[in-house]
1. Scanning for something over 25 Å from A:MET190 (Cα atoms), touching a strand residue (DSSP E or B) at 6+ places or on another chain (Cβ under 7 Å) and at pLDDT 95 or above, does the stretch A:39-47 turn up at least one residue?
2. Of all residues in the stretch A:522-548, which are in a loop (DSSP other than H, G, I, E, B) and either among the small types (Gly, Ala, Ser) or away from chain B (no Cβ under 14 Å) (or both)?
3. Have a look at A:SER484, A:SER446, A:SER456 and point out the one that is surrounded by fewer than 21 Cβ atoms within 10 Å (Cβ to Cβ), hydroxyl-bearing (Ser, Thr, Tyr) and closer than 20 Å to A:ARG357 by Cα.
4. Right, B:LYS226: within 25 Å of B:LEU507 (Cα to Cα) and among the charged types (D, E, K, R) or not?
5. In the stretch B:417-443, what count of residues is obtained for those that are more than 24 Å from B:ALA468 (Cα to Cα) and surrounded by fewer than 18 Cβ atoms within 10 Å (Cβ to Cβ)?
6. Go through (1) assigned to a loop (DSSP other than H, G, I, E, B); (2) more than 14 Å from chain A (Cβ to nearest Cβ) and name the single condition B:VAL514 misses.
7. So, in the stretch B:507-527, of the ones that are in contact with a Lys or Arg (Cβ under 9 Å, 6 or more places away or on another chain) and among the small types (Gly, Ala, Ser), which residue ends up surrounded by the most Cβ atoms within 10 Å (Cβ to Cβ)?
8. Between residues in the stretch A:237-260 that are under 30 Å from A:ALA479 (Cα atoms) and residues that are of a type in the set (Asp, Glu) and in a strand (DSSP E or B), which pairs lie under 9 Å by C-beta distance while being six or more apart or on different chains?
2 protein chains.
Amino acid sequence: MKPISEIAKQIGIDTHYIESYGKYKAKLEPELMEQWQHKPDGKLVLVTAINPTPSGEGKTLTSIGLAQSLHALGTRAIAALREPSLGPCFGMKGGATGSGQAQIVPADDINLHFTGDIHAISSAHNLLAAMIDNHMYHGNELRIDPKRMTWKRTVDMNDRSLRNIVTGLGSGNGDVRESGYLITSASEVMAILCLSEHMTDLKERLARIMIGYSYDGTPVTASELKAVEGMAILLRDAIKPNLVQTLEGTPVILHGGPFANIAHGCSSVIGTKTALKLADVVVTEAGFGAELGAEKFFDIKCRQSGLTPSAAVLVVTVKALKYNGQHAETGQPTDPTEVDAMATLRQGMANLHRHIRNLQSFGVPVMVAINHFTGDTEQELELIQAECSHLGVPAAISRVWAEGSAGGEAMARQLLDLLETAPQAFTPLYENECSLTNKIERIITSIYGGEGAVYSPAALRTLEQLEAEGFGHLPVCMAKTPYSFTDQPRLLGAPTGFTIQVSRVSLSAGAGFVVVETGNTMTMPGLPRVPAAERMQIDANGHIDGLF
Amino acid sequence: MKPISEIAKQIGIDTHYIESYGKYKAKLEPELMEQWQHKPDGKLVLVTAINPTPSGEGKTLTSIGLAQSLHALGTRAIAALREPSLGPCFGMKGGATGSGQAQIVPADDINLHFTGDIHAISSAHNLLAAMIDNHMYHGNELRIDPKRMTWKRTVDMNDRSLRNIVTGLGSGNGDVRESGYLITSASEVMAILCLSEHMTDLKERLARIMIGYSYDGTPVTASELKAVEGMAILLRDAIKPNLVQTLEGTPVILHGGPFANIAHGCSSVIGTKTALKLADVVVTEAGFGAELGAEKFFDIKCRQSGLTPSAAVLVVTVKALKYNGQHAETGQPTDPTEVDAMATLRQGMANLHRHIRNLQSFGVPVMVAINHFTGDTEQELELIQAECSHLGVPAAISRVWAEGSAGGEAMARQLLDLLETAPQAFTPLYENECSLTNKIERIITSIYGGEGAVYSPAALRTLEQLEAEGFGHLPVCMAKTPYSFTDQPRLLGAPTGFTIQVSRVSLSAGAGFVVVETGNTMTMPGLPRVPAAERMQIDANGHIDGLF
């Protein structure tokens, strides 16, 4: 690892504008953006994926590797990515800093408390919660209806027992009422931080947070509870983007990590815009497959911030194409030994087709990155390349896990070529002026390939109410299974003729979107029977083993 | 402010051994202690106080000012103090970084998230909580009795609604049971961190944490839940002491901040021992008045760690002496305009006497620091000085709030003289071998001046059980009102003929003490009607106003 001050210097940042957290992490001061506001922006590249298998297809890995490869070719490149959440590290999976030869370092630090952003978000969220209950305890002047108080508490921990709780028991401890915890990445404060342009915007968004309704049905906001300044004070440092590096010394801006279901799943706007001032090519990613991640990246993050993506890199794997191929017909997995591997792969291509067509429909040039796994055969890789060629889409095999930048050179060259030559005409899917139901329908028919939505009575009522209250101009944020274009995790490939069941609609007024839930959305994970925490170790000198 | 690397250099620390958090905060690497273990220790000075008024008498202020004054006189001095908790900053009081000309800086940073220690402690505590509930959810192999599970959750926030809660409601979310939250400074993990000598000791202490009992009455520990490594990993950086400075550039080690009621209320052993290697005089403090703070400092912190205090500085104020004088007779406040100020002050001296005698009984040389307030008259100050002179105890007026080091010069000179000349023979109050009830009685009769203890049946049962389980050798940690020598907050001065009601006894096996509660101990504060959070502001450039 190089000292972080050296990485900063490499991209033209004076040490005056960085605040080091140890030798290998730093925060970038907001003055940097003010100073550089007239500098031209670099090009923004989104890394997304086809519908994944449950183990994931390597979007973060590919993003890191792609930035490394661009860097190795002499391009001024930065990866602008999400910072990992601490809670899940102790549960099922390891960290979220890549793997093999495409990693962000120092990985232990980043996967643990990093620079404290997520703890700061938890504190800000929980300060509002405490101030709401305290307001009600001291006379409830705003006449908040406890049955319609929707603001929960948050913690960065997988803790299923906190999903639904009752608070305020005992004498002198406030009113008894139902509540619950979200994991911090699901907090609206996280989404707000990630969509804010600067401190003033952050405060305006925090002020708009709707925590519930009064007895007479009026919305109650964080502003009315006088919680905004305290929350913003707690977020003073968290709003500053973090600078780290890859194993190969490529600069990485890691900032923010909102959930990809009830939030938009993208790293921060401030981080992305800072990176665009510092580099010629900025590689970023969005959570889940492209029908969720890319759609939200385009329709929420780019719409709100005015960002224009110059290209999309669609990550595919042989295993995900086969997975989509196997399940496509029946919705049930077939024994893989009984089926012809190539036929299954071919059948899965329908998923790839639809994602490519979707990305192109936003006016964004597309290329395919085939993330290579050890067991993949030449025949399989060639089939995917042939298919892409047939569709007129450039494709490259990425071996960044095994080889680092060398394994991504072909991919990087193709991307640079695409950025140079492909015509660009980015437009979001819908206009702000469309009604909320229109926006939902557009996403389902144009992106998912379905027939339309079926709304629960409660969802319809909320949609009507939100239109009436003046929130109809907001984009929608779809919360859906990431495994399928439909709302059924087993309906893989490229299904048609389906409808999407909209179960629940809610407002994230501060973040600036309307959340549309299909089915039950998990906002607080549990720990597995043997949590990852049981397999970790730390020695007398503080060296950690098994964290990720 | 000087760059923190310069402060480090000033006390002989190579930059190799510091990890900067921004320009003005740093953590000290454990290798530093290994390297310096054969260096002789400096002298350790405890700052404590008489029984305070509810607004406090300025122990932290005096500690900071005293270190500044020693430093100004050319003595190699360091203050080793507690780090402030974030939650209370948004409630009633401001920060805990001193005030006037005796402050620790950067105060905003220190009062906010600082270097993340307290968040790390919350995470470690809550990981254990999640792992306990998860263990019970997945079959409860250890047969933990949910009714006897005592490990709560924690958050660094004043939130009364979380004092008593019910968790695990709803399908698939574990078992429904009663639980609650502590503020993080009340977490046993905080006490453990503050009493640990190094990472190995920390892990051994975490392993001993008792989270409750199984159905057959066997104690269940964090070790059996396999939570120790994960917790220790979360505390990897929190265990390292933090280096900051005063307004005058005096080095300060701020590390740990346990509650002074159900815990021992002292900054970390690691921080104190590090400071002793770096300085000739180390100024530290203990929470509350001397009958609680100093007693626990001597009988818990010094006993466990082998530290030897060289002197105690007893902080008195005219207002606290008068407060003790007014309430002394009736237990009710008298209208101050109706009484003779000097007579009241004279009456309050009984409180000072008893604290001096107590400190002397530990074999520790004592001096008195009269913390000067603007309204104090010459006559009042002279009376206190005359009284101390009569008792043969050196006394100095401290004006560090108004004048910084200049205002503490007399106090510093007297302390240096005391350290030079006074005979030292520190011994704790009781032997490990005394029974738990013996220890409690000794504290009540020798220190509080009372007749003995009256135990609730539950407390007696727990004491017997703890003796039977082999915990009788541990020191006791008294949780009592800080306003009186008795357990009645209104019985001021130096009462006699009272007994102490012991309501509840519990074990902090990892911290290594038995908590003895008198009355109800508050471990989760609430917010006041108008929380401090409502009066704070942050501007577009991130400048904060009104945090402390």
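1. The initial filter retains those residues of the stretch A:39-47 that are over 25 Å from A:MET190 (Cα atoms), namely A:39-43.
Filter once more, keeping what is touching a strand residue (DSSP E or B) at 6+ places or on another chain (Cβ under 7 Å): A:42-43.
Next, only the ones that are at pLDDT 95 or above stay: A:42-43.
Yes, because at least one residue in the stretch A:39-47 is over 25 Å from A:MET190 (Cα atoms), touching a strand residue (DSSP E or B) at 6+ places or on another chain (Cβ under 7 Å) and at pLDDT 95 or above.
2. Selection gives A:GLY526, A:ALA540, A:GLY542, A:GLY546.
3. The conditions single out A:SER446.
4. Details: within 25 Å of B:LEU507 (Cα to Cα): yes; among the charged types (D, E, K, R): yes.
Spelling it out, B:LYS226 is indeed within 25 Å of B:LEU507 (Cα to Cα) and among the charged types (D, E, K, R).
5. 10
6. The single condition B:VAL514 does not satisfy is (1).
7. B:ALA511
8. A:ASP237/A:GLU19; A:LYS240/A:GLU19
The values are calculated or read from the model by the stated rules, or taken from the named source; none is laboratory data. As the structure is a computational prediction, the values presented were derived from the model and not from experiment. Heads up, the Cβs are rebuilt from the backbone with ideal geometry, glycines too, and the neighbour counts pull from every protein chain shown.
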